[in-house]
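Notes to accompany the following structure.
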Amino acid sequence: MIKRQIRKFTLRGIGDKIEQDVQETFHGFDSETQKREVGQYSGNAMLDMVDYIYEHFDEFCLLLDASYGTRFHTGN
C-alpha cells in the first residue's frame with residue numbers, strides 16, 4: 001500500500017503532470033495573450049503546485065522523510 005502511494009506521488013510524476021496541463025493550456029492562447037500573460041500564468045502555475053503539495057502533505061512528507069536509500073530518493 002505505501003509503495004503504491006509513493007509511486008503515485010513521486011515528485012517527478014506530479015511535476016510532469018502539472019507541467020503538461022500548464023503547457024497545453026498556455027499553448028491554446030493566441031500569441032498576444034501568451035506574451036501579455038506569461039509571467040502571471042507561470043507564477044499561478046507554481047502556486048498551484050504548492051497548493052497540490054499542501055493538499056497531499058502527508059504523502060510528500062513520507063517521500064521526503066522515508067525515501068532515503070530507495071530509488072525514490074534519487075528520482076530514478
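Quick grid of which residues meet (1) modelled with pLDDT of 85 or more; (2) under 18 Å from the mean Cα position of the chain (by Cα):
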residue: 1; (1), (2): no, no
residue: 14; (1), (2): no, yes
residue: 18; (1), (2): no, yes
residue: 24; (1), (2): yes, yes
residue: 29; (1), (2): yes, no
residue: 33; (1), (2): yes, no
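Quick one: is residue 65 charged (D, E, K, R) and in contact with a helix residue (DSSP H, G or I) (Cβ under 8 Å, 6 or more places away or on another chain)? Spelling it out, it is not the case that residue 65 is charged (D, E, K, R) and in contact with a helix residue (DSSP H, G or I) (Cβ under 8 Å, 6 or more places away or on another chain).
The values are calculated or read from the model by the stated rules, or taken from the named source; none is laboratory data. Since we're looking at a predicted model, the values are computed, not measured. Heads up, the Cβs are rebuilt from the backbone with ideal geometry, glycines too, and the neighbour counts pull from every protein chain shown.
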